[in-house]
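Report on the structure given below.
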Amino acid sequence: MQNVLENIPTTDPVAIPEKRAVIDQILEENRNLPGSVMVILNELQSKIGFVSPSMQAYVSKKMRVPLQQVHGVVSFYSFFTTQARGKHTVKFCMGTACYVGGAEQLIEKAKQTFGVEPGHTTKDGMTTVEICRCVGACSQAPVVVVDEEMHGRVRPAKLTQILRKAQS
Amino acid sequence: MKYYRTHILICVDPECLGKGAHDIEDALQDELVAQGLIDEVQVLETPRIGDCSHGPEMMVYPDGVHYVGMSVDDIPFLVEEHFLKGRVAKKFLLTKVEVKDEELGAPTSKEVRVVLRNCGKIDPENIEDYIAEDGYEALAKVLASYTPEKVIDEMLASGLRGRGGAGFPAGRKWQFCRASKATPKFVICNADEGDPGAFMNRRVLEGDPHAVVEGMIIAAYAIGSSRGYIYCRAEYPLAVRTLNIAIQQARALGLLGEDILGSGFSFDLEVRIGAGAFVCGEETALMASIEGKRGEPRPRPPFPAVSGLWAKPSNVNNVETYANVPQIMLRGAQWYASMGTEKSKGTKTFALAGDVNHTGLIEVPLGINMREVVYDIAQGIKDGKKLKAVQIGGPMGGCLPEEYLDRPIDYESLAAAGTIMGSGGLVVMDEDTCMVDIARFFMEFIQDESCGKCTPCRVGTRRMLEILQRICKGDGKDGDIETLEMLCRQIKSTSLCGLGQGAPNPVESTLKHFRKEYEAHIYEKRCPAKVCKGLIRFDIIDACTGCTVCARNCPVGAITGERRKLHVIDANTCIRCGICMQVCNFNAIVIN
């Protein structure tokens, strides 16, 4: 990955003063923590919503950690995303119990509803569709998580109603 | 500490939150204030009372009454009946059969609860609740009267084996770490419960976090460590929250920090959060992740007890292992060793899921047989269907057929049957499950989660997945089974870490026990369970009333037909998702 600190897009969090203040605060708070890169990236992902290439370069420079190490961590873990997500996120649990319970059918229906493949965001920026790892609600399989809300024992007929929450 | 005559525990498990648990709680608070009961009745949040399948759940103590399925509108009635008139509101009572399974330590149950003893019973966010259940008494006992060597001797005598998967004796691990000369030493809790189908650690962390904290402090004392980490997966935000609260409260009472209980022993703890990498459940990968690096495993030896986190001696155990420790110290190694089998002592939690009537968590003495678990505790297979297999041990485990039901569940027996104990996920599958498809599902998971560091796992699992995908599509060919078997052997013997070494297990065990299904797919181009999309087609039979429900629900518009007339599925457009079959009220759609 090339160093992108020279040409930061104006829409990037690093270029937006309020967001940059949040980033600086996260860096400051965790500066002296052993193994801080993971902690910082986790905080950035949760507070900013993603870790853009410019943000990675910024972290690398401020923390004096090689950019490839920062990028290596970002690309290794599935929780880190490099682009902004939609306003809503619909996650389909793909644990064993959910798979056996028919998660695939639900995903198929969601693909049709939103017109995007899992891992992508609708064109209007409203909804991101994701397949996620076991959320540990196996006795409720199959499970669909809309934003933070968990829906269990979801049948295809019930799904339309649930997905509506992620469309407004 | 304020005293109340009654406590209401409301389940705020993610599953119950989705059903409005917070609204119920607010309504309860309001009603208790309105009725002037707020100083007598305390409302508390707790994760998981039952299996959360009956809507919002609450437990009233000391009465031990379990209410389910109420709505906000029912609260005034419930409060009046139970708390004013002192009558049980039968309408919302959970039926007797289920109460038996869900009440802790019910005498008729086959369960023995050690790790789960406090879950759903105490307020996890209040350290006093834990202390009232003999919490931190074990720590006080250990610090006051045990030498570190004595703690390790007790652990060895208890026979407790690591509950995270491999089953290495915990006492031996502690012994090795104590023997290491380098300092500082680290105590690490593996709370990266990534196995799909397993959620027992989540429940312990959310319901009884202090048991884990106390276990870790005792471990730190035994090995001579002053610093600990709990590595929790990012998928469990509530667990992270309860853990952080628990640590703060323990610190405030001097149970963590400098000079614990005046003993001169110091130890502190912090939570680190993962970021969605399954391989971080492997101990060396986990430590790399805490160090802020990619979670890639490294070869062992050196073992973590010699060179672990930041190349210092470290002891890694999982949540359940640590949660057992205070009870062992308090009640004695002999008590713990009296449960279980000769080589597998104590109890183990299992997460029951899949096609059984009763799902949820159980804790049973090791050595119980699978039949008792599936038919007595889980109350048999749903809809009276036949059992096909029990998947145990997560993605590195295996599928056991019915013949294995009467064998005991312990580390040795499971290993002999070609699977592992793993963290204890038990997914029961009925006759409608295709075992080739299940093998493909697990291989897809493994392939996706392989960190890519070593070739056998990175490339080998991909080759296996490709073959399985081909078989499921109907393009299997002669020799595929043999190639799979060869790959299984090679990946097993040459992979770097437990993930790769265990990766072939789902395929190997299904090949061993369900070989006929593979052969049907490859040679007869037939999926006996009617699951694999490339080998089935959906058709509408005469029972169709022309209600149009299927056509309206079909995601690809493959179904046509006039109202009140027989509909037809276009096999070329159909993606075999099976939605039509689920929505049809007349059983008019069949798989051929």
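The values are calculated or read from the model by the stated rules, or taken from the named source; none is laboratory data. Keep in mind the model is a prediction, meaning the values are calculated, not measured. We place every Cβ from the backbone using ideal geometry, glycine too, and count neighbours over all the protein chains shown.
Numbers at a glance
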{"item": "Unmet requirement for B:Thr341, which otherwise passes all of (1) of a type outside the set (A, V, I, L, M); (2) crowded, with 24+ Cβ neighbours inside 10 Å; (3) not assigned by TED's automatic domain parsing to the domain that holds B:Gly194", "result": "(2)"}
{"item": "Qualifying positions in segment B:332-367 - touching a Gly at 6+ places or on another chain (Cβ under 6 Å), more than 14 Å from every other protein chain (Cβ to nearest Cβ) and hydrophobic (A, V, I, L, M, F, W, C)", "result": "B:Ala337, B:Met339, B:Leu366"}
{"item": "Looking only at segment B:175-229, and only at residues there that are over 20 Å from B:Val142 (Cβ atoms) and among the aromatic types (Phe, Trp, Tyr), the one that is farthest from the chain's Cα centre (by Cα)", "result": "B:Tyr229"}
{"item": "Top-ranked residue of segment B:42-82 - restricted to ones that are over 20 Å from B:Glu15 (Cα atoms), surrounded by fewer than 20 Cβ atoms within 10 Å (Cβ to Cβ) and of a type in the set (A, V, I, L, M, F, W, C), ranked as farthest from the other protein chains (Cβ to nearest Cβ)", "result": "B:Phe77"}
{"item": "Restricting segment B:306-320 to residues that are outside any strand (DSSP E or B) and buried (at least 24 other Cβ atoms within 10 Å of the Cβ), the residue that is nearest to the other protein chains (Cβ to nearest Cβ)", "result": "B:Leu309"}
{"item": "Lone unmet requirement of (1) over 26 Å from B:Pro395 (Cα atoms); (2) part of a helix (DSSP H, G or I); (3) within 11 Å of chain B (Cβ to nearest Cβ) for A:Gln56", "result": "(3)"}
{"item": "Segments classed as strands (runs of 3 or more DSSP E), wholly inside segment A:66-168, with at least 1 members that are under 26 Å from B:Cys584 (Cβ atoms) and facing chain B (nearest Cβ under 8 Å)", "result": "A:149-151"}
{"item": "Scope segment B:485-500; condition part of a helix (DSSP H, G or I) and farther than 14 Å from B:Met464 by Cα; matching residues", "result": "B:Ser493, B:Thr494, B:Gly498, B:Leu499"}
{"item": "Which listed residue, of A:His120, A:His151, is farther than 27 Å from B:Met396 by Cα, surrounded by 20 or more Cβ atoms within 10 Å (Cβ to Cβ) and not assigned by TED's automatic domain parsing to the domain that holds A:Gly35", "result": "A:His151"}
{"item": "Matching residues in segment B:537-550 - criterion: being crowded, with 19+ Cβ neighbours inside 10 Å and either under 35 Å from the mean Cα position of the chain (by Cα) or within 14 Å of chain A (Cβ to nearest Cβ) (or both)", "result": "B:Phe538, B:Cys550"}
{"item": "Scope segment B:427-438; condition within 12 Å of another protein chain (Cβ to nearest Cβ) and not in a strand (DSSP E or B); matching residues", "result": "B:Asp432, B:Thr433, B:Cys434, B:Met435, B:Asp437, B:Ile438"}
{"item": "Every pair of residues 6+ apart whose Cβ atoms lie under 6 Å, when the first sits in segment B:576-589 and is without any contact (Cβ under 8 Å) to a residue 12 or more places away in the chain while the second is not in a loop (DSSP other than H, G, I, E, B) and not small (Gly, Ala, Ser)", "result": "B:Gln582/A:Pro156"}
{"item": "Count - residues of segment B:13-49 that are over 22 Å from B:Arg87 (Cα atoms) and in contact (Cβ under 8 Å) with a residue 60 or more places away in the chain", "result": "6"}
{"item": "Some residue of segment B:154-171 being surrounded by fewer than 18 Cβ atoms within 10 Å (Cβ to Cβ), part of a helix (DSSP H, G or I) and modelled with pLDDT of 95 or more", "result": "yes"}
{"item": "Residue satisfying condition, being closer than 30 Å to B:Gly397 by Cβ and at pLDDT below 90, within set B:Lys533, B:Lys512, B:Lys525, B:Lys516", "result": "B:Lys533"}
{"item": "Filter result for the condition that a residue is farther than 30 Å from A:Glu149 by Cβ and either charged (D, E, K, R) or modelled with pLDDT of 95 or more (or both), over B:Val271, B:Val316", "result": "B:Val316"}
{"item": "Residue among B:Lys293, B:Lys312 that is among the basic types (Lys, Arg), touching a helix residue (DSSP H, G or I) at 6+ places or on another chain (Cβ under 7 Å) and assigned by TED's automatic domain parsing to the domain that holds B:Val187", "result": "B:Lys293"}
{"item": "In segment B:487-531, residue surrounded by the most Cβ atoms within 10 Å (Cβ to Cβ) [restricted to those that are under 22 Å from B:Cys472 (Cα atoms) and of a type in the set (S, T, N, Q)]", "result": "B:Thr510"}
{"item": "Sole exception among (1) in a loop (DSSP other than H, G, I, E, B); (2) free of Cβ contacts under 8 Å to residues at least 12 places away in the same chain for B:Asp542, by number", "result": "(2)"}
{"item": "Scope segment B:338-369; condition assigned to a strand (DSSP E or B), over 15 Å from B:Val204 (Cα atoms) and either over 14 Å from the mean Cα position of the chain (by Cα) or among the charged types (D, E, K, R) (or both); matching residues", "result": "B:Gly340, B:Lys345, B:Val356, B:Val364, B:Pro365, B:Asn369"}
{"item": "For A:Gln105: the one exception among (1) touching a Lys or Arg at 6+ places or on another chain (Cβ under 7 Å); (2) surrounded by 20 or more Cβ atoms within 10 Å (Cβ to Cβ)", "result": "(1)"}
